[in-house]
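Step one of this worksheet: look at the structure below.
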């Protein structure tokens, strides 16, 4: 990641809360949608066999639907996927995905998957939005599965 970082945050930060408030008051309308196969896949990760599991009860049905919709957008809009020593960085064009959308996604994701470390960067003079996901040993395999990355 570039040294010109807009912001970096980890779970529970005040920055994430501020961005969520911004999103909530921006007038953005989000319609509830049906739970998808990806939501069902997330539910499979509640096994105690792994230290990485999603708390599927952390979000109410409307939050889950909104989060799933934004997750699908983030997966589809990725320009670049960069493997880092401790995880992955997903890169976006600001015209496709805003910093506020990424921050909103992080604020919701931390509720169900608190084991992630999140990093949000605005690089290249505002022309690149980056979402970094890192964590403990073994997190890369979890990220590859949950975020539909090619198998290694």
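Some notes on this structure:
- Count of region 64-98 residues which are buried (at least 17 other Cβ atoms within 10 Å of the Cβ) and assigned to a helix (DSSP H, G or I): 8
- Residue list for region 99-146, filter: part of a loop (DSSP other than H, G, I, E, B) and either in contact with a strand residue (DSSP E or B) (Cβ under 6 Å, 6 or more places away or on another chain) or more than 18 Å from residue 51 (Cβ to Cβ) (or both): 116, 124, 125, 126, 127, 135
None of the figures in this text is laboratory data; all of them are computed from the coordinates on show. Remember, it's a predicted structure, so these values are computed and weren't measured experimentally. Because the Cβ atoms are built from the backbone with ideal geometry, glycine has one as well, and the counts that use them run over all protein chains shown.
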